[in-house]
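What follows is one structure encoded as structure tokens, with my remarks underneath.
The values are calculated or read from the model by the stated rules, or taken from the named source; none is laboratory data. Source: prediction; values computed, not measured. Using ideal geometry, Cβ is built from the backbone for each residue, glycine included, and neighbour counts are taken over all protein chains shown. These accessible areas exclude ligands, DNA and RNA; they are computed on the full protein's heavy atoms, side chains included. Shrake-Rupley method; radii C 1.70, N 1.55, O 1.52, S 1.80 Å.
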Amino acid sequence: MPAIPTPDTRLPEQSDSFDPARAAPMLLQHGHVGWLGLKYRGHGDDWAELELPWREDLVGEAERQVLASGPIISMMDMAAGLAIWTAQGRFAAIATLDLRVDYQRPAKVRAAVIGRAECYRITRSAAFVRGIAHDGDPADPVAHIAGVFMSIAGDSRNA
């Protein structure tokens with residue numbers, strides 16, 4: 001099993017800049033996002049897109065057969081992280097400070113949900129993202145997100 005990167009470690013897949021398509025197989029196989037089964041869909045200069053496949057054990061209400069909100073939030077948090085690393089051009093440790101999710105409607109029955117996040121501003125210590133989650137039509141979103149992420153410097157306790 002590959003090591004989880006630390007703030008000072010370059011991903012093995014990374015050459016001169018962060019490539020989410022190459023990093024996603026490693027980043028999406030571990031921990032909570034690995035258990036959710038998130039799939040990489042695409043990226044641009046400042047955005048990344050993931051998919052949360054429908055699974056019965058991720059349903060919020062058995063009688064409705066739609067994905068629960070928690071897995072959707074986790075997907076959007078990871079898509080935001082990928083968007084930030086893509087915009088920065090490098091992997092660096094970050095922490096979610098604030099992630100606002102405005103639900104517009106439930107996802108369709110037994111539908112996968114697609115999450116696209118865009119990093120629209122980066123400062124010395126923070127990155128700002130926005131995005132949508134949808135179940136096939138971006139013009140009819142399940143949710144909108146807005147978030148702020150903090151850069152985490154290397155651990156100075158051992159310096």
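Under a no-solvent Debye model with one identical scatterer per Cα of the stretch 46-97, what's log10 I(q)/I(0) at q = 0.17, 0.21 Å⁻¹?
The computed values of log10 I(q)/I(0) come out as -0.60, -0.75.
Quick one: which residues, 5+ away or cross-chain, put their amide H under 5 Å from the amide H of Asp19? H built at 1.01 Å from N.
Residues meeting the criterion, in which the H sits 1.01 Å from N, do not exist here.
Using the alpha carbon gyration tensor of the chain, what are the three equivalent-ellipsoid semi-axes (square root of 5 times each eigenvalue), largest first, in whole Å? Mind dumping the intermediate values first?
Working: eigenvalues 152, 56, 40 Å².
Taking √(5λ) for each Cα gyration eigenvalue gives 28, 17, 14 Å.
Quick one: Karplus J couplings for the stretch 66-76, per residue in order, coefficients 6.51, -1.76, 1.60, θ = phi - 60°, nearest Hz, x for Gly and Pro?
For the stretch 66-76, the Karplus curve yields 10, 4, 6, 6, x, x, 5, 4, 4, 4, 5 Hz.
Hey, any idea what % of the chain's accessible area is carbon plus sulfur with a 1.4 Å probe? It would help to have the intermediate numbers written out before the result.
Values: 4230 of 8440 Å².
Accessible surface attributable to carbon and sulfur in the chain totals 50 percent.
Dipole magnitude of the chain about its Cα centre, charges +1 at Lys/Arg Cβ and -1 at Asp/Glu Cβ only, in debye to the nearest 20?
Dipole magnitude for the chain comes out near 180 debye.
Would you grab the residues whose amide H sits under 5 Å from the one on Asp135? Only those 5+ places off in sequence or on another chain, please, with H modelled 1.01 Å from N.
Under 5 Å from the amide H of Asp135: Ile114, Val142.
Would you look at the GNM of the chain, springs on alpha carbons closer than 10 Å, and say which of Ala95, Ala79, Ala139 moves the most?
Looking only at Ala95, Ala79, Ala139, the largest GNM fluctuation is found for Ala139.
Once every DSSP H run of n ≥ 4 in the chain is given -39500 (n - 2.57) and the sum is divided by its residues, what mean residue ellipticity at 222 nm do you get, rounded to the nearest 500 deg cm²/dmol?
After summing the helix terms and dividing by the residues of the chain, the value is -6500 deg cm²/dmol.
How far apart, in nm, are the 7 Å Cα→Cβ label points at Leu99 and Arg124?
Taking the two extended label points, one gets 2.8 nm.
Across the stretch 82-90, in residue order, what do the Karplus-derived ³J(HN,Hα) couplings come to in whole Hz, using 6.51 cos²θ - 1.76 cosθ + 1.60 with θ = phi - 60° and x for Gly and Pro?
Whole-Hz 3J(HN,Hα) from phi for the stretch 82-90: 4, 5, 5, 4, 5, 5, 6, x, 7.
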